[in-house]
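A short write-up of the structure that comes next.
Only the coordinates and a few stated rules stand behind these numbers; no lab work does. Small disclaimer: the values here were computed from a predicted structure and weren't measured. We place every Cβ from the backbone using ideal geometry, glycine too, and count neighbours over all the protein chains shown.
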Amino acid sequence: RDLVGTAPAVEEKALEAALRPKALDDFVGQATVRTQLSLVLQSSRIRQTAADHVLLSGPPGLGKTTLAMIIAAEMQAALRITSGPAIQHAGDLAAILSSLTDGEVLFIDEIHRMSRPAEEMLYIAMEDFRVDIIVGKGAGATSIPLELAPFTLVGATTRAGLLPGPLRDRFGFTGHLEYYSPEELQKVLRRSAGMLEMQVTAGGFVEISSRSRGTPRIANRLLRRVRDWALVHEVNEVDRAAASAALDTYEVDSLGLDRLDRAVLEALCTKFRGGPVGLSTLAILVGEETETVETVAEPYLVREGLLARTPRGRIATDAAWEHLGLTAPPQRDE
Ligand code: ATP
């Protein structure tokens with residue numbers, strides 16, 4: 001294929017789309033969610049109805065959008081994609097809902113960011129496949145019910161707890177996506193390398209997976225950077241040393257920590273002698289929203305044993321000091 005002249009960002013997007021698994025069987029890892037979801041889909045196929053609404057929670061890049069696409073494909077239904085921040089008025093949502101066709105799958109990413117009125121409209125739509133359109137203002141306002149075609153809502157959020165109870169309860173199935181193990185990431189990488197026609201040794205896959213932050217999206221991105229490096233250095237087969245040299249060039253952290261992860265740890269260690277410090281103070285210091293620090297950075301840092309949550313606040317562990325190459329003060333308040 002001739003990709004000369006294609007804007008780089010476009011090529012990256014096209015590659016990311018091409019690397020997405022299309023069927024549930026090709027989806028690596030997340031065995032529990034996969035088994036449960038497969039039952040939900042099979043049952044609705046037997047009953048010949050739209051599948052129950054599905055809520056997917058978990059940190060970014062673990063495959064929520066990919067799963068929504070797979071749900072639509074497995075149900076042989078069309079897919080409509082939108083996001084919570086894009087739906088600020090109930091009217092925006094009414095327009096989308098009323099245009100859905102029978103059995104269509106509606107994917108709402110970041111569903112916890114929808115406005116309150118839109119959220120309330122969604123409750124009724126999910127339960128009764130109806131929206132109430134308000135016409136007029138004040139005492140003369142009337143509500144006109146509008147029937148909707150039965151649809152399947154797939155909602156994605158970084159944490160199910162961010163959703164108000166009434167909305168959460170209206171999902172028939174909730175799946176929580178976990179970070180991927182290095183072995184699972186190697187499977188994802190193996191499949192992607194095959195599609196990119198790259199030669200990578202087992203050691204090469206091990207090296208890339210260990211720096212991928214448990215996240216397939218990052219694994220695929222690092223693989224593309226390694227491909228660039230190999231192409232320029234005329235390396236035909238990427239082994240562990242080559243992968244390591246390539247990723248060092250891009251300053252990819254040896255544990256896969258990203259900018260926010262490192263900023264959180266550095267703030268904890270250098271500004272608070274390792275803590276304990278409250279979440280909101282930490283968020284202000286790194287210039288992020290509390291929710292982002294809590295649902296995006298923290299789960300991975302905790303999993304890697306770099307940060308601990310205590311009743312008095314967050315603390316950096318010995319491993320965190322070591323990873324940052326800093327010396328922990330002798331008397332730390334733990
Ligand atoms: P966000 O919430 O930020 O949209 P996401 O969780 O929806 O992230 P996706 O966009 O679905 O993440 O996945 C990111 C990329 O990772 C996709 O391009 C896909 O190729 C790859 N990917 C995700 N999960 C898997 C998987 N289980 N097997 C293989 N590839 C995967």
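Applying the criterion of at least 1 residues that are surrounded by fewer than 19 Cβ atoms within 10 Å (Cβ to Cβ) and basic (K, R) to the helices (runs of 4 or more DSSP H) found wholly in the range 256-319 leaves 259-266, 298-303.
Taking the criterion of being away from the ligand (no atom under 11 Å from the Cβ), hydrophobic (A, V, I, L, M, F, W, C) and under 29 Å from T292 (Cβ atoms), would at least one residue in the range 172-186 satisfy it? Yes: one or more hits.
Of the strands (runs of 3 or more DSSP E) that lie entirely inside the range 16-112, those containing 1 or more residues that are more than 26 Å from T292 (Cβ to Cβ) and within 20 Å of the chain's Cα centre (by Cα) span 79-83, 105-109. Cβ separations smaller than 6 Å between residues 6+ apart or across chains give no pair from the range 165-188 residues that are on the phi > 0 side of the Ramachandran plot and buried (at least 17 other Cβ atoms within 10 Å of the Cβ) to residues that are assigned to a helix (DSSP H, G or I) and of a type in the set (K, R). Residue check: is Y123 in contact (Cβ under 8 Å) with a residue 12 or more places away in the chain, assigned to a helix (DSSP H, G or I) and either within 16 Å of the ligand (Cβ to nearest atom) or closer than 23 Å to A90 by Cβ (or both)? Judged against the criteria, Y123 is a match. Checked against (1) touching a residue at least 40 places away in the same chain (Cβ under 8 Å); (2) part of a helix (DSSP H, G or I), P150 passes all but a single condition, namely (2). Inclusion of S212 among residues that are within 15 Å of the ligand (Cβ to nearest atom), out of contact with any Ser or Thr (no Cβ under 7 Å at 6 or more places or on another chain) and either under 19 Å from D26 (Cα atoms) or free of Cβ contacts under 8 Å to residues at least 24 places away in the same chain (or both) is not warranted. Of the residues that sit in the range 153-164 and are assigned to a helix (DSSP H, G or I) and in contact (Cβ under 8 Å) with a residue 60 or more places away in the chain, which one is nearest to the chain's Cα centre (by Cα)? Checking each candidate, the answer is A160. The residue of the range 147-164 that is surrounded by the most Cβ atoms within 10 Å (Cβ to Cβ), among those that are within 13 Å of the ligand (Cβ to nearest atom) and under 22 Å from L41 (Cβ atoms), is G155. For V131, the test of being over 22 Å from Q36 (Cα atoms), out of contact with any Asp or Glu (no Cβ under 7 Å at 6 or more places or on another chain) and not basic (K, R) is passed. Would you confirm whether or not the range 128-135 contains a residue that is under 25 Å from the mean Cα position of the chain (by Cα) and either of a type outside the set (K, R) or farther than 17 Å from A149 by Cα (or both)? No, the range 128-135 has no match at all. Going through (1) within 13 Å of the ligand (Cβ to nearest atom); (2) of a type in the set (A, V, I, L, M, F, W, C); (3) touching a residue at least 12 places away in the same chain (Cβ under 8 Å); (4) under 26 Å from E184 (Cα atoms) one by one, V40 falls short only on (1).
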